[in-house]
Amino acid sequence: MPEPRLTATHWGNYLVGTAPDGGISVRPNGSDPEPSPIGRSLAAARDPGVRIARPAVRRGYLRDRDRSGRGREPFVEVGWDEALDLAAGALRGTIAAHGNRAIYGGSYGWASAGRFHHAQGQLHRFLRLAGGYTDSVDTYSFAAAEVIVPHIIGLNAYYAGKQAPTTAEVAEHCRCLVLFGGAPSRNTQVNPGGIGAHDDRGHLAELSAAGVEIVHVGPLRDDVDAAVGARWLPCRPNADVPVLLALVHAVLAENLQDDDFLARYTVGFDEFARYVRGGDGVPKTPEWAAGLSGVPAAEIRALARKLASGRSLIGLSYAVQRARYGEQPYWAAWALAAALGYIGLPGGGVQMGSGVGKGTTLQRRVPPFRIGTIPQGPNPVPDTVPVSRIAELLERPGEPYRYNGAERVYPEIDLVYWAGGNPFHHHQDLNRLRRAWTRPGTVIVNEHSWTATARHADIVFPVTTTLEREDFAGSSSDHWLTPMHRVFEPYGEARDDHAVLAALAERLGFGAAFTEGRSTAEWVEHVWETTRSDAAAVGVELPAYRDFRTGPPLDLRPLLPERDHDLERFRAAPERHPLRTPSGRIEIYSHTIAEAGDLLGHPAWYPDREWLGDPRAERFPLHLLSNQPATRLHSQHDNGATSRDAKIAGREPLRLHPADAAERGLRDGDLARVFNDRGAFLAGVATSDALLPGVAQIATGAWYDPDDELGLERHGNPNVVTPDIGTSPLAQGPSPNSCLVQVERFDGTPPPVRAFEPPEFGSR
Ligand SMILES: Nc1nc2c(c(=O)[nH]1)N[C@H]1C(S)=C(S)[C@@H](COP(=O)(O)OP(=O)(O)OC[C@H]3O[C@@H](n4cnc5c(=O)[nH]c(N)nc54)[C@H](O)[C@@H]3O)O[C@H]1N2
Ligand SMILES: Nc1nc2c(c(=O)[nH]1)N[C@H]1C(S)=C(S)[C@@H](COP(=O)(O)OP(=O)(O)OC[C@H]3O[C@@H](n4cnc5c(=O)[nH]c(N)nc54)[C@H](O)[C@@H]3O)O[C@H]1N2
Ligand SMILES: [Mo]
């Protein structure tokens with residue numbers, strides 16, 4: 001039996017091989033002290049129930065280019081040449097009839113680790129050489145912050161998020177860390193691009209052992225591990241802004257603010273303070289916030305005093321901004337931190353993205369060089385669309401919308417090409433997406449598995465997984481580089497994304513420009529060499545390709561310099577290192593945002609949303625949170641053992657407070673129907689007193705499995721009920737966490753889950 005071979009995933013490095021029983025053996029790589037159990041699911045990487053073996057075309061499309069039967073009709077398996085000719089013809093036809101902007105190639109999604117084979121990179125290079133495409137901007141992860149944070153501190157939100165103080169600095173200098181939305185260790189299992197070692201999951205417990213008081217404001221107690229010993233202030237979902245504003249109110253009421261900091265480093269605090277004190281008729285007192293959030297006024301006052309009494313750090317999960325007006329908790333947190341005056345000091349300020357991958361535990365050591373990818377070149381089409389407006393884009397061609405202060409128009413889309421993402425997992429209000437999805441003339445999808453997105457395509461190209469190709473992994477938010485080896489031959493007739501796109505490029509007349517004459521192996525080496533020379537330019541010596549390829553994962557940490565942080569430089573010398581905001585300072589008031597006219601010019605509370613304080617809660621009395629899954633990466637490997645073992649009666653677990661369950665006659669293990677006006681899904685009930693009463697919780701990522709006859713999603717995909725509405729006209733980010741539902745017992749005969757069976761195949 002061949003030796004297991006090293007490969008890398010977004011959730012860690014593994015040695016993968018053939019087991020004695022002929023199945024797939026998976027073993028964590030030895031240098032990972034706390035490997036993620038998600039790795040076990042790699043054993044299902046060649047599951048014939050889900051893998052796509054041959055190119056397939058939807059029957060109606062093959063017959064007469066019908067659009068209406070997407071996701072409902074059988075597929076016809078065809079040969080590679082026929083599928084490629086069909087796709088090349090569709091691309092050519094769209095470009096000739098409507099121009100390149102009618103191609104939507106945003107193709108959002110995590111795809112797989114591996115620098116060269118990264119699916120979006122490959123697709124974007126291909127479409128750029130084809131004359132361009134309409135692209136997406138921002139992410140489902142962090143869109144509201146991506147747009148608001150540059151207005152506040154003049155820095156890219158991800159870049160600034162990675163400049164969090166180190167564990168040692170927090171332990172030494174910080175007295176109190178308050179976490180809005182917690183920092184669940186389940187989410188630190190994964191990191192975009194890979195994670196060489198899970199060595200940071202105990203960092204919160206280290207902090208509390210060092211005497212840092214950790215306060216957790218949020219709806220789920222277990223968003224902070226019990227071992228941390230955090231103090232939980234249960235808070236209604238989406239009510240963070242009232243609490244943050246009331247903290248500012250309490251600081252001002254007791255004159256605890258740092259006036260020198262505010263005068264020297266910020267603009268517009270006075271305007272904001274007027275609002276907080278009640279300039280609009282409503283003083284944002286702790287009592288006011290208590291009524292909205294459920295956090296007692298006395299707790300808010302005590303927390304304000306605590307935060308002001310010594311160095312403090314305000315942490316926010318990404319999830320708090322994945323909601324209506326999600327820009328505001330981030331802005332309000334910066335305003336509070338400014339009032340406290342610790343921004344730019346070790347262990348103080350704002351931590352954006354607590355508990356998200358390795359983002360805030362990088363300990364100042366990130367690769368100061370670019371890790372190579374396939375070059376994409378410029379996109380000749382200037383149009384972009386905020387990523388989570390996809391359904392609206394397809395529904396409303398030619399109609400105006402607002403984004404970040406500008407008036408824009410949705411282009412008309414005739415062809416959608418997706419590779420490396422699963423919009424029928426990640427998008428909200430999937431019933432709406434499904435209707436909008438019938439609009440374009442052609443949908444092409446590269447996938448290795450029969451995901452809902454592949455099932456909703458016209459032309460499906462089967463692609464390889466990382467286990468079937470050579471590559472290397474690396475991430476700008478990790479300090480490991482890992483060679484990835486091919487373990488298996490391609491499944492069925494699957495080809496690499498690169499090979500699929502090279503064959504299409506050949507048909508469209510730019511094959512040589514796409515491949516530059518390199519073989520896949522030559523490309524991977526080339527991408528390594530560009531990485532190596534970029535590293536050498538900043539004094540980091542990487543090994544020659546052959547040595548790297550045959551060696552173990554490479555730990556860069558000893559080679560990386562400790563970096564200093566932009567806000568520390570700004571604090572030390574604000575005139576010499578001004579922020580890239582209009583004022584050069586932290587903008588507690590932004591004239592740019594005020595003049596755009598969509599929002600007030602300072603952080604504010606906007607109640608207009610689905611939450612427990614909304615009249616809609618009379619009909620739909622539970623706030624549904626759909627957070628990240630502990631047992632997989634989004635929808636990836638939902639068919640694997642780690643994910644499947646956690647299901648209840650084959651459905652995704654829905655957690656309810658025991659009181660909410662009892663009121664509905666529900667017990668552990670029951671099937672429940674979760675619904676609102678947008679849709680309904682089935683889930684398996686698990687009760688837990690870790691939830692605030694009135695809150696229901698289900699992880700995202702159960703493969704979408706619609707039952708058209710029952711009008712029901714069978715498997716537990718929350719995105720059939722989440723709202724598809726922008727955070728605000730500013731960021732137009734996704735708002736899944738502003739969602740009300742009702743839950744009832746499901747007593748009928750449960751329909752079988754079909755998500756892990758292949759779609760229906762037919763003849764022409
Ligand atoms: N309700 C709700 N919805 C959410 C969220 C939430 O919190 N709540 N979270 C949002 C967030 S933060 C995110 S980032 C998104 C994630 O959304 P996605 O990134 O779209 O989710 P994934 O399941 O990772 O999808 C990746 C897809 O790429 C495919 N793939 C893997 N490797 C390859 C490859 O080499 N080639 C090709 N062609 N395909 C490949 C996988 O099979 C999978 O279908 O979801 C968002 N949706
Ligand atoms: N295992 C695993 N880890 C992952 C991922 C995965 O798929 N699997 N996905 C990764 C990705 S792409 C991303 S973007 C990050 C996302 O990281 P986050 O967005 O931080 O993760 P979530 O799990 O969605 O949310 C964390 C918690 O926020 C709480 N929350 C929700 N709404 C509110 C609110 O309004 N107020 C407060 N105070 N709390 C609220 C919820 O209780 C939830 O459990 O995670 C990454 N980590
Ligand atoms: Mo994300």
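Yes or no: region 734-745 includes at least one residue that is within 21 Å of Gly421 (Cα to Cα), more than 16 Å from ligand 3 (Cβ to nearest atom), under 26 Å from the mean Cα position of the chain (by Cα) and assigned to a loop (DSSP other than H, G, I, E, B). Walk me through how you get there before you give the answer.
Initial filter on region 734-745 (within 21 Å of Gly421 (Cα to Cα)): 734-737.
Now drop any that are not more than 16 Å from ligand 3 (Cβ to nearest atom), which leaves none.
No, region 734-745 has no match at all.
Determine whether Arg67 is within 28 Å of Pro411 (Cα to Cα), at pLDDT below 95 and of a type in the set (Lys, Arg).
Working: within 28 Å of Pro411 (Cα to Cα): yes; at pLDDT below 95: yes; of a type in the set (Lys, Arg): yes.
Yes: the conditions hold for Arg67.
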Flagged pairs (Cβ under 9 angstrom, 6 or more apart or on separate chains; first in region 664-676, closer than 12 Å to Gly748 by Cα; second of a type in the set (S, T, N, Q)) are Arg673/Gln742
Please enumerate the residues belonging to region 107-119 that are away from ligand 3 (no atom under 14 Å from the Cβ) and not basic (Lys, Arg). Ser107, Ser112, Ala113, Gly114, Phe116, His117, His118, Ala119
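Condition check: of a type in the set (Lys, Arg), within 16 Å of ligand 2 (Cβ to nearest atom) and touching a strand residue (DSSP E or B) at 6+ places or on another chain (Cβ under 8 Å). Does Arg40 satisfy that? Write out each step before concluding.
Values: of a type in the set (Lys, Arg): yes; within 16 Å of ligand 2 (Cβ to nearest atom): yes; touching a strand residue (DSSP E or B) at 6+ places or on another chain (Cβ under 8 Å): yes.
Yes, satisfied.
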Within region 606-635, considering residues that are away from ligand 1 (no atom under 16 Å from the Cβ) and of a type in the set (D, E, K, R), the one surrounded by the fewest Cβ atoms within 10 Å (Cβ to Cβ): Glu618
Residues of region 264-284 being touching a residue at least 40 places away in the same chain (Cβ under 8 Å) and either part of a loop (DSSP other than H, G, I, E, B) or β-branched (Val, Ile, Thr) (or both), in sequence order, are Thr266, Val267, Gly268, Lys284
Reported set for region 701-733 where residues are touching a helix residue (DSSP H, G or I) at 6+ places or on another chain (Cβ under 6 Å) and either part of a strand (DSSP E or B) or closer than 19 Å to Phe620 by Cβ (or both) is Glu713, Asn719, Val720, Asp724
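Residues that are in contact (Cβ under 8 Å) with a residue 60 or more places away in the chain and in contact with a His (Cβ under 8 Å, 6 or more places away or on another chain), at least 1 per element: which strands (runs of 3 or more DSSP E) completely within region 151-263 meet that?
Values: elements: 176-180, 213-218, 231-234.
Those strands (runs of 3 or more DSSP E) span 176-180, 231-234.
The values are calculated or read from the model by the stated rules, or taken from the named source; none is laboratory data. Predicted, not measured: the structure shown is a model, and the values here were computed from it. Here the Cβ is made from the backbone with ideal geometry for all residues, glycine too, and neighbour counts use every protein chain on show.
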